[in-house]
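Quick notes on the structure that follows.
The values are calculated or read from the model by the stated rules, or taken from the named source; none is laboratory data. In this text the structure is predicted, and so the values were computed from the model without any measurement. Reconstructed Cβ throughout: ideal geometry from the backbone, glycine too, with neighbour counts over all protein chains shown.
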Amino acid sequence: MEFNFTVTGGDFISAGHASSEVKKVLQKLNVDPKITRRIVVALYEAEVNIVAHAYSGTIKASIDTEKITLVLDDEGPGIPSIEQAMQEGFSTASEKVREMGFGAGMGLPNMSKNADELNITSDVNKGTRVEIITWLNNKAKA
């Protein structure tokens, strides 16, 4: 089962649409609520990062009997230091984004805490790819 979403940079009104839709599907599939919550938290954080930092992006959610794989690709400034960006509280969000209540520097750390596998690659001035894998059968962090 596969779902695709488009994300527009700066569109905070629509932020969270993909995570909400994925949550509905996981609930219909009777995925453990604790696992569903972890997936939705990680996806929401990743989705908001596209809205806050990139010009545009896509989200691909692939669900099979064992796991959900989320792949988020964006066109944006990229992440100069993924290691630094993984530190709680580190943020490059604009003042405008912070005034809206986003940009606290918890996005990547929260993704890491809620994913069983998190892979991030980024090219400065091109964009970022985030891959989040979560097992549906309590294999890992549930």
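Quick notes on this structure:
- The single condition from (1) of a type in the set (S, T, Y); (2) surrounded by fewer than 20 Cβ atoms within 10 Å (Cβ to Cβ); (3) farther than 14 Å from T128 by Cα; (4) in contact with a Ser or Thr (Cβ under 8 Å, 6 or more places away or on another chain) that Y44 fails is (2).
- Residue list for region 1-16, filter: more than 23 Å from K28 (Cβ to Cβ) and among the aromatic types (F, W, Y): F12
- Residue that is surrounded by the fewest Cβ atoms within 10 Å (Cβ to Cβ) [pool: residues in region 61-93 that are of a type in the set (S, T, Y) and without any contact (Cβ under 8 Å) to a residue 24 or more places away in the chain]: S81
- Within region 70-90, if we keep just the residues that are assigned to a helix (DSSP H, G or I) and hydrophobic (A, V, I, L, M, F, W, C), the residue that is modelled with the lowest pLDDT turns out to be A85.
- Scope region 34-69; condition of a type in the set (S, T, Y) and part of a strand (DSSP E or B); matching residues: S56, T58, S62, T69
- Counting the residues of region 94-127 that are modelled with pLDDT of 90 or more, in a loop (DSSP other than H, G, I, E, B) and either of a type in the set (A, V, I, L, M, F, W, C) or surrounded by fewer than 16 Cβ atoms within 10 Å (Cβ to Cβ) (or both) gives 4.
- Close pairs from region 37-54: first on the phi < 0 side of the Ramachandran plot, partner among the acidic types (D, E) and part of a helix (DSSP H, G or I), Cβ under 7 Å, at least 6 apart: none
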